[in-house]
Each structure stands twice: as structure tokens, then as C-alpha cells.
Amino acid sequence: MSEWLSDLQIDVRTTILVLVIGLIVVGGLLIIHGINLIRYGTTIEYYQKRKKYILHGLRMFATAIIVAITAVLCSRFGEPLVYQVYVPSPTSSITPSITPSPTITLTPTITLTPTVTQTPSITPIPEVPDYVVDKFEGSTEVPEQVVFSPLAFSNEIDDFFQAVSPSDLFAGDDEVLYGSFTYNNMVPGLQWTILWLDPDGLIICYESFVWGNFTGGYGYTECRSPGPRWKQGEYQVQMFLGTDWWLTGRFSVGEIALEDES
């Protein structure tokens with residue numbers, strides 16, 4: 001069943017909308033048919049036959065009510081239920097992160113002046129490293145209508161891959177940190193890449209693959225601590241569509257978080 005859905009490249013939201021519209025149309029037809037039966041029944045002189053038509057018309061009304069309730073339930077709960085059965089994000093199964101050698105030149109982080117008023121220097125647009133681009137298998141043409149929400153960071157995610165108690169400040173003792181997001185109008189076959197950079201600008205985790213068949217829903221990325229503890233400082237998580245930088249999320253590990261826990 002899942003392979004069949006994958007081949008059709010179904011947009012879940014569109015499918016639910018079509019289903020709801022279909023149910024509304026069916027409900028309307030049932031009401032019209034019920035009215036006609038009741039009207040016809042009232043013209044019949046014989047009691048048993050008249051009763052039969054009127055009861056049949058009332059059943060049409062009852063069925064129409066059930067169809068209407070079904071349409072409301074599908075509209076309200078249909079999409080979340082589908083996402084529980086068919087995982088909407090290709091990030092649900094994460095391959096082990098790869099730590100590149102320190103000889104690779106990475107995107108420089110913001111450099112602050114040593115004065116009291118910290119003025120950031122000009123930051124180049126983030127880029128995907130060549131060794132990652134060389135492994136691309138998907139399309140790199142990005143349509144303008146693609147939408148991703150900002151990343152929400154946490155040390156736990158729920159069944160919908162959304163952050164539980166999101167924060168931008170952590171103590172550093174978590175084994176895994178997550179970056180959750182929602183998306184819409186995504187294009188199947190597009191190359192999607194995430195880079196996790198430590199406070200020194202070194203890539204500690206990354207993932208890159210061809211996007212699956214879901215065009216909207218929920219997703220997440222994850223990174224395991226590269227050591228016994230996360231290094232103190234500001235981390236960046238950069239998202240790319242094709243080779244285009246799309247967004248950057250930031251969180252910090254530091255003494256403030258440690259004090260908050262005590």
C-alpha cells in the first residue's frame with residue numbers, strides 16, 4: 001500500500017480535501033433523494049406503501065447526517081492520522097552522522113569585534129561543501145513556492161516529529177539534539193541537505209538525500225553529541241535545497257543553561 005502511494009506521489013492535504021468535497025456532494029445527493037422519496041410517499045393512498053417510501057426517505061436523511069459527520073472528521077483529523085501511518089518526512093530514519101577531516105575549509109561563522117558593542121562582520125552566504133555536493137543524486141532546481149518553518153530545537157520529539165519543550169539553550173549533557181520543522185509545497189526528487197556546525201564552524205553532523213513523495217507535513221533532523229558533552233558556544237544548523245541555502249537555526253550550549261538546571 002505504501003509503495004502504491006509512493007508511486008502516485010500523493011499530496012495528502014489535497015487528497016483529504018478531495019475526499020471531504022466528495023462526501024459533501026454525496027450528502028447533498030442523499031438529502032435530495034430523501035426529499036423526493038418523502039414527497040412521492042405522501043401522494044400514495046395505500047398506507048403500507050406510503051409508510052415504506054417515507055421511511056426510506058428518512059433513512060436517506062440519516063445517512064446524509066452520517067456522511068456530513070464523516071466529512072467534518074476527515075477535515076479535522078484526516079491529515080494528522082495519515083501522517084501517523086505514513087511518515088511524512090524522509091528524516092525519520094537518520095543515517096549515522098559523518099565527521100569530516102579538519103582539513104576541510106568550512107563556512108566562517110560571525111566574528112565579533114573585541115569592543116563592548118559587538119559588531120558582526122559580513123558573513124558569506126552558507127554553502128554546501130564540495131564533498132557533499134559530489135554525492136548529490138537529486139534535482140537542484142528549487143521552486144519559489146517551497147516553504148519551511150524555522151527550526152525548533154529540543155532533546156525530545158513527539159509522534160509528529162515536533163519538538164517537546166523547544167529551547168535555544170542547552171546544558172550540553174544531551175546525547176541527541178533535534179531540530180524540528182514543518183514544510184509545504186516541497187518538490188519530490190529535490191536534493192535536501194542539513195549541516196550541523198559547532199561553535200568553531202566545524203561540521204559535526206550532516207545528512208543529504210533526495211526528497212521523497214510528501215509535499216507537506218512534519219519533519220526533523222538530529223545530531224548526536226560528538227563527545228562526552230557538547231562544547232559550549234553557539235551552534236548553527238543550516239538547511240539547503242539543492243545547492244541553495246534556505247535557512248539557518250541557532251542554539252547555544254553554555255553556563256547559563258547549566259545554572260538553570262541547578
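Bear in mind these aren't lab numbers, they're just calculated from the coordinates by the rules spelled out. Every value quoted in this text rests on a predicted model; they were computed, and no experiment measured them. Don't worry about glycine lacking a Cβ; one is built from the backbone with ideal geometry, like all the others, and counts go over all protein chains shown.
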task: Within the stretch 209-244, find all residues whose amide N lies under 19 Å from a label point positioned 7 Å from the Cα of T14 along Cα-to-beta-carbon.
output: 211-218
- prompt: When D174, D159, D198 are ordered from fewest to most other Cβ atoms inside 10 Å of their Cβ, what list results?
  reply: D159, D174, D198
- request: For the stretch 170-262, state which GluC sites (Glu not before Pro) are in a DSSP loop and have at most 15 other beta carbons lying within 10 Å of their beta carbon.
  value: E175
field: Difference of contour (0.36 nm per residue) and Cα-Cα distance, L202 to L73
entry: 41.6 nm
- prompt: Which ordering of S75, S154 is given by a fewest-first count of other beta-carbon atoms within 10 Å?
  reply: S75, S154
query: So what J values fall out for the stretch 187-204 if you push phi through Karplus, 6.51 cos²θ - 1.76 cosθ + 1.60 with θ = phi - 60°, rounded to Hz, Gly and Pro as x?
result: 9, x, x, 7, 6, 10, 9, 10, 10, 9, 10, 7, x, 8, x, 8, 6, 9
query: Among Y47, Y178, which comes first, then next, by fewest other beta-carbon atoms within 10 Å?
result: Y47, Y178
query: Under a plain spin-label model, where a point goes 7 Å from the Cα along Cα-to-Cβ, how far apart in nm are V210 and T42?
result: 6.4 nm
- request: Collect residues whose amide H, placed 1.01 Å from N in the peptide plane, falls under 5 Å from the amide H of S139; neighbours closer than 5 in sequence don't count.
  value: L190, Q191
message: For E207, what residues show an amide H to amide H distance below 5 Å, using hydrogens built from the backbone and excluding near sequence neighbours?
response: I194
message: Amide H of F214 versus every other amide H placed in the peptide plane: which residues, excluding those fewer than 5 positions away on the same chain, fall under 5 Å?
response: none
About the Cα centre, charge dipole magnitude for the stretch 188-262 (Lys/Arg +1, Asp/Glu -1 at Cβ), debye: 280 debye
